[in-house]
Structures are given as structure tokens and as C-alpha cells.
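Trainee: Here you go, one structure.
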Amino acid sequence: MSYAEYIPEGAFAKWVLFIAVVSVFNSLQCYIAPLGLTRQLYGRKPEQVTTLTSHMFATWTLTVSMVRFYGAYHLNDPTVFNMVWYTFVVAFFHFSTEVFVFRSAKLDKGTINPMIVSIGSMIWMYNLQ
């Protein structure tokens, strides 16, 4: 088996794989140091961030990563394509509601980056259809 077989085909597939890897590292951070960056992310209400909520966020993020890992190699399957699409929809929904509705997070690099990634990925996916 050659190294090339491990790389998904197409720019968007590579992007999805990259985002999956980044998400795994985010999950690990939430498991290893649960109150550090998570409290910074939800800086308007850091007292609501507990070890449990950080671990739940890590588990959610890890689950999304698995969908994206699989999706990077199977984007030609419409069901998998849609599942990957919805991971970005849910991420955008989560971060935007935490900033604008629940007001637990600030509009800063911790929330802007995932919102840009989500919106950009959804637009890219829409244009791929």
C-alpha cells in the first residue's frame, strides 16, 4: 500500500481531512486540560464551564471528526456528503448561538475561526453539488 492511497482525492476532501485532524487535537485539549481553553472560549460565562461540559464538548467534537474522516474518503456517496454537510451546519449553529443568543462566548478568534470554517465549507459543498 502506497502513501498516496491514504490521501483523499480532491481539494475539498483534503480540506475535510485537515479539519478532522484539527478537531481531534481540539478534543484532546478538552480531555487533557478541560478548563483551560474551553473557559477562554466561553469567556462571557466561564463559571458555567466544568470538566464535565468540556469532556462533553470534546466527545461531540471527536464524533464530528470521525464523520469528517470517513467523509473525506467517501464524498461521492450522497448520504456521506450530506452527513459531512450537517457537521458544518451544527458547528456553525453551536458557535453562532453561543455568541449571539446565549451570550456565553465572545466574538473573537475562538468563535470566529470555526464559524468561518463552517460557512466556507458549506459554501464550498454547495458549489460542489
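Trainee: Rolling a 1.4 angstrom probe over the protein heavy atoms, how many square angstrom per residue are accessible across the chain?
Mentor: Per residue, the chain has 61 Å² of solvent-accessible surface.
Trainee: Applying a 10 Å radius around every beta-carbon, put 112-120, 83-91 in order of their mean neighbour count, most first.
Mentor: 83-91, 112-120
Trainee: Put +1 on the Cβ of every Lys and Arg and -1 on every Asp and Glu Cβ in region 1-116; which of Ala20, Phe93, Tyr73 then has its Cα farthest towards the positive end of the dipole?
Mentor: Phe93
Trainee: Okay, next question. Excluding same-chain residues fewer than 8 positions from Lys14, which lysines have a Cα within less than 28 Å of its Cα?
Mentor: Excluding near neighbours in sequence, the set is Lys109.
Trainee: (i) 1.81; (ii) 1.11; (iii) 1.19: which one is Cα Rg over 2.2 N^0.38 Å as calculated from this entry?
Mentor: (ii)
Trainee: Something else now. Run the accessible area of region 15-101 with a 1.4 Å probe and give the carbon-and-sulfur part as a rounded percent.
Mentor: C and S atoms contribute 74 percent here.
Trainee: What is the dipole size for the chain, taken about its Cα centre, with +1 at each Lys and Arg Cβ and -1 at each Asp and Glu Cβ, in debye to the nearest 20?
Mentor: Taking the Cα centre of the chain as origin, the dipole is about 480 debye.
Trainee: Once R0 is set to 25 Å, what does the formula 1/(1 + (r/R0)^6) return for the Cβ-Cβ distance between Lys45 and Ile116, expressed as a FRET efficiency to the nearest 0.05?
Mentor: 0.65
Trainee: Same structure again: Can you tell me the FRET efficiency between Tyr6 and Phe81 if r is taken as the Cβ-Cβ distance and R0 is 25 Å, rounded to the nearest 0.05?
Mentor: In this case the efficiency is close to 0.75.
Trainee: If I ignore ligands, DNA and RNA and count only protein heavy atoms, how much of Thr79 is accessible to a 1.4 Å probe, in Å² to the nearest 10?
Mentor: Rounded to the nearest 10, the figure is 90 Å².
The values are calculated or read from the model by the stated rules, or taken from the named source; none is laboratory data. As the structure is a prediction and not an experimental result, all values here were calculated from the model. With ideal geometry, Cβ positions are generated from the backbone for all residues, glycine too; neighbour counts draw on all protein chains shown. Ligands, DNA and RNA are stripped out before the accessible areas are found, and what is left, the full protein with its side chains, is counted by its heavy atoms. Shrake-Rupley method; radii C 1.70, N 1.55, O 1.52, S 1.80 Å.
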